[in-house]
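Here, each number is a calculation from the coordinates, and none is a lab measurement. Keep in mind the model is a prediction, meaning the values are calculated, not measured. Neighbour counts run over all protein chains shown; Cβ positions are idealised from the backbone, glycine included.
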Amino acid sequence: MSTNTVPTQESTRERMSPGAFFKKFSILLILIGLVILISILTRGVFLRIPNLLNVIRQVSVIGIIALGVTMVIITAGIDLSSGSLVALVSVVVGSLLQRADAPARLYEGGQPWPILIVLVIGLAVGAAGGLMNGSLVAKTKIPPFIATLGMMTFARGWAFIYSDGRPRGGLVREFLVLGQGMILGVPNPVWILIICVALTHVILKHTLWGRYTYAIGSNKNAAIVSGINTERYTMMVYSYAGFLSAVAAIVLTARIGSGQPGLGIMYELDAIAASVIGGTSLQGGVGTALGALTGALIMGVLRNGLDLLNVPADMQQVLRAVIIVVAVIIDVRKNKQKD
């Protein structure tokens with residue numbers, strides 16, 4: 001009995017050691033430290049409630065996309081089509097929800113479509129784009145970078161073709177509530193983000209789908225030998241990423257009040273950065289929904305803080321690039337240590 005007790009106590013001490021604690025919560029500690037630093041530099045302006053709500057509202061769109069991208073990266077893949085799918089879904093949804101007095105209507109006559117049907121159509125468009133990505137990766141063995149790069153160009157092109165390159169404004173007010181309304185003092189986009197985080201967390205941590213997603217990213221050959229249908233689950237992961245891009249598109253369209261073919265430019269890179277900063281390994285097999293959320297918050301807090309400090313936009317891009325590179329370097333070193 002005593003022989004079993006000693007190792008247990010030692011392992012408990014190891015888990016509770018400062019080094020182990022910092023390693024487990026390093027991303028969260030970085031976020032807290034960044035908030036404190038920016039609050040001091042801005043003399044408390046950052047911590048004002050309207051500003052905090054604005055930060056979270058802005059983070060919501062990238063955060064939702066980052067959740068899907070995280071699952072893709074866990075499979076050792078990549079998704080460069082997120083921003084273009086946002087644009088395509090935005091113009092489709094916008095064109096179907098214009099009021100009778102809206103300018104530049106896409107279709108002749110008629111009334112706006114029922115909101116629920118339009119939402120289903122928008123989500124289906126995003127999921128279909130993701131499914132096409134997954135099919136190309138799983139069935140044809142095209143590298144994910146190339147497959148999703150093709151979808152990025154394809155979806156962006158169709159967004160401009162579908163909309164004739166013009167925004168679709170004058171949307172029904174009931175739809176705008178999704179992006180502009182509030183519940184219990186919290187913006188609706190934040191509630192939608194919370195739901196998406198919870199859903200993704202459950203998928204990754206409490207379902208067979210999530211377990212197989214990690215297995216594919218950790219060792220695809222071993223997953224195949226174990227009997228996992230890697231093609232099916234790869235397509236499911238990319239479809240889910242496309243679905244979440246559509247959710248983000250709906251939130252953003254409702255927030256700005258129009259569907260625009262130019263939306264989402266560089267969103268895929270911001271989502272990838274948020275995922276990597278949040279601890280998702282580009283080597284695959286590692287990543288969490290909460291990590292992706294934390295990464296998105298770090299980027300949002302940093303962007304807002306730099307704006308409050310009047311840092312020029314071009315310098316902000318440089319700083320964000322440095323942060324992304326540092327995050328990747330840390331990721332690479334972690335994987336070397338594991339090896």
Point to revise | Net charge over other residues, Cβ less than 13 angstrom from the Cβ of Pro187 (K, R count +1; D, E count -1) | key: +2
Revision key, fill the gap. Within the chain, pairs of Lys residues whose Cα atoms are less than 21 angstrom apart, provided they are eight or more positions apart or on distinct chains, add up to 14
**Study point:** Surrounding net charge for Ala223, when Lys and Arg each add one and Asp and Glu each subtract one, Cβ distance under 13 Å
**Key:** +2
Review point. For Thr153 and Arg99, what is the calculated FRET efficiency with R₀ set at 35 Å and r taken between the beta-carbons, to the nearest 0.05?
Key: 0.60
Point to revise | Hz values of 3J(HN,Hα) by residue in segment 312-327 - Karplus curve (6.51, -1.76, 1.60), Gly and Pro given as x | key: x, 4, 5, 5, 4, 4, 5, 5, 5, 4, 4, 4, 4, 4, 4, 4
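Which order, highest average first, do 199-211, 76-88, 299-311, 231-243 follow once you tally other Cβ atoms within 10 Å for each residue and take the mean per peptide? Each step should come with its number before you reach the end.
Values: 199-211: 15.7, 76-88: 28.3, 299-311: 17.3, 231-243: 23.8.
Highest mean packing first, the order is 76-88, 231-243, 299-311, 199-211.
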Review point. Per-residue HN-Hα couplings for segment 230-247, Karplus 6.51 cos²θ - 1.76 cosθ + 1.60 at θ = phi - 60°, whole Hz, x for Gly and Pro?
Key: 5, 5, 4, 6, 5, 5, 5, 5, 5, 5, 5, 4, x, 4, 5, 4, 5, 4
Point to revise | Per-residue HN-Hα couplings for segment 177-189 [Karplus 6.51, -1.76, 1.60; θ = phi - 60°; Hz; x = Gly/Pro] | key: 4, 4, x, 10, x, 9, 10, 6, x, 10, x, 4, x
Revision key, fill the gap. Taking the chain and counting helices only, DSSP H stretches of n ≥ 4 at -39,500 (n - 2.57) each over all residues, the nearest-500 ellipticity at 222 nm comes to -25000 deg cm²/dmol
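Compare the peptides 185-197, 215-227 by average per-residue count of other Cβ atoms within 10 angstrom and give them in order, highest first. Display every interim value, and only then the final one.
Working: 185-197: 18.5, 215-227: 15.0.
Sorting 185-197, 215-227 by mean packing, highest first, produces 185-197, 215-227.
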**Study point:** Whole-angstrom gap from segment 178-197 to segment 296-317, using each part's C-alpha centre
**Key:** 23 Å
Exercise for review: Pop the C-beta distance of Ile265 and Ala222 into the FRET formula with R0 = 35 Å and round what comes out to the nearest 0.05.
Suggested key: 0.35
Check your understanding: For segment 189-339, what is the charge dipole size about the Cα centre, in debye to the nearest 20, if Lys and Arg each add +1 at the Cβ and Asp and Glu each add -1 at the Cβ?
Key -> 420 debye
Check your understanding: Residues in segment 289-304 near a label at Leu41, defined as backbone nitrogen under 12 Å from the 7 Å Cα→Cβ point?
Key -> 301-304
Check your understanding: Points 7 angstrom from Cα along the Cβ direction at Asp164 and Lys141: gap in nanometres?
Key -> 4.7 nm
Review point. In nanometres, what is the gap between the two model label sites at Ala124 and Met182, each 7 Å from Cα along Cα-to-Cβ?
Key: 3.6 nm
Study note, to complete from the structure: The long-range amide H neighbours of Leu171, using H built 1.01 Å from N in the peptide plane and a cut-off of under 5 Å, are Arg99
Study note, to complete from the structure: Everything considered on the Cα gyration tensor (a ≥ b ≥ c; rounded for a/c under 1.5, else prolate if a/b is larger than b/c, else oblate), segment 45-338 must be described as oblate
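If Lys and Arg each add +1 and Asp and Glu each add -1, what is the summed charge of the other residues whose beta carbon sits under 12 Å from the beta carbon of Leu149?
-1
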